[in-house]
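Accompanying notes for the structure given below.
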């Protein structure tokens, strides 16, 4: 058993000087700071460019006005408070506005600002909605991080969804195995719940979020193993983030370490152009080049990953480039009635998002 202390103020970070804390305090008034003792211990404080530090410690450039708080227009797909129904077969539930730590490039940082009306309040209302929409076969729990809920609360939500006959898969989107693996390792009740409810006909999936190989500590891999032993399928997804994993060798190492632990890389995302994210983002074509080179450095199973943008209109996959053009397709379309087809657009090396190619 290991006690993990949560940090909710930059003043609690003893490695940062008083002058620096004052400068960062202005950022934390706008975009929250949150971390914990486990994750802070992964930082090499002698390295000014340490990727773990960059992931959780604020940067004054976050006050740049670039981007939108809801860059993918998620508000358009809110069927109920806490329930997004963007794709016909999937309901996405925002079950909490808490995380074990706060990624500085978070694409839902708006959830941690006041006022916030997007978090689920009434589970029965949500269950009724899913029951009345037989086309929903997959439910994704997100937020915030669902593992910030108590085990009683999380188990209650999963149990209620699991009783709906037409739901065949339940996914939990989380960075907890990276941020605080002890939350799962130390909770026998949670693991026993998964053993009982992650069944061959209706699996529970954990959509983990490892951004850098150094997050895959021995403790984190132990956490993954315990989830797998409990019958949970663990998959990873990560955005390409400047200064963290925007290097083919680092991304390839992440792929190899994940697959060695039995975790397949799933979606590799283009960083959303969310407010304050400019200095975490890399242009789409550069990100695709990094992704392609990392796959070439990886062995077979890691090559299942797809490079996508979570655009307002759907998940747009970048599938290739030529001397003059970039080729994309919709991996998922919000409008199921449309034909996806292949999208051919002129190259734009300064484009950070799909819209930049078409404007």
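Restricting attention to the stretch 16-26, and to residues there that are touching a helix residue (DSSP H, G or I) at 6+ places or on another chain (Cβ under 8 Å) and free of Cβ contacts under 8 Å to residues at least 40 places away in the same chain, which single residue is surrounded by the most Cβ atoms within 10 Å (Cβ to Cβ)?
24
Name the residue, out of 227, 251, 216, that is within 19 Å of residue 140 (Cβ to Cβ), at pLDDT 95 or above and over 15 Å from the mean Cα position of the chain (by Cα).
227
State whether the residues of the stretch 130-143 include one that is within 30 Å of residue 53 (Cα to Cα), part of a loop (DSSP other than H, G, I, E, B) and modelled with pLDDT under 95.
Looking through the stretch 130-143, at least one residue is within 30 Å of residue 53 (Cα to Cα), part of a loop (DSSP other than H, G, I, E, B) and modelled with pLDDT under 95.
Conditions tested, residue by residue: (1) assigned to a loop (DSSP other than H, G, I, E, B); (2) modelled with pLDDT of 95 or more; (3) touching a helix residue (DSSP H, G or I) at 6+ places or on another chain (Cβ under 7 Å); (4) within 21 Å of residue 73 (Cα to Cα).
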site: 317; (1), (2), (3), (4): no, yes, no, yes
site: 320; (1), (2), (3), (4): no, yes, no, no
site: 331; (1), (2), (3), (4): no, no, no, yes
site: 339; (1), (2), (3), (4): yes, no, no, no
site: 348; (1), (2), (3), (4): yes, yes, yes, no
site: 352; (1), (2), (3), (4): yes, yes, yes, yes
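Within the stretch 297-312, take every residue that is in a loop (DSSP other than H, G, I, E, B) and over 19 Å from the mean Cα position of the chain (by Cα) and give me the one that is farthest from residue 70 (Cα to Cα).
Per the criteria, the residue is 299.
Looking at (1) farther than 23 Å from residue 247 by Cα; (2) at pLDDT 95 or above; (3) in contact with a strand residue (DSSP E or B) (Cβ under 7 Å, 6 or more places away or on another chain), which one does residue 96 not meet, given that it meets all the others?
Residue 96 satisfies all of (1) farther than 23 Å from residue 247 by Cα; (2) at pLDDT 95 or above; (3) in contact with a strand residue (DSSP E or B) (Cβ under 7 Å, 6 or more places away or on another chain) except (3).
Which one of the conditions (1) surrounded by fewer than 20 Cβ atoms within 10 Å (Cβ to Cβ); (2) touching a helix residue (DSSP H, G or I) at 6+ places or on another chain (Cβ under 9 Å) does residue 73 fail to meet, given that it meets all the rest?
(2)
The values are calculated or read from the model by the stated rules, or taken from the named source; none is laboratory data. A quick note: this is a predicted structure, and the numbers were derived from the prediction, not measured. When we count neighbours, we look across all protein chains shown, and the Cβ atoms used for this are built from the backbone with ideal geometry, even at glycine.
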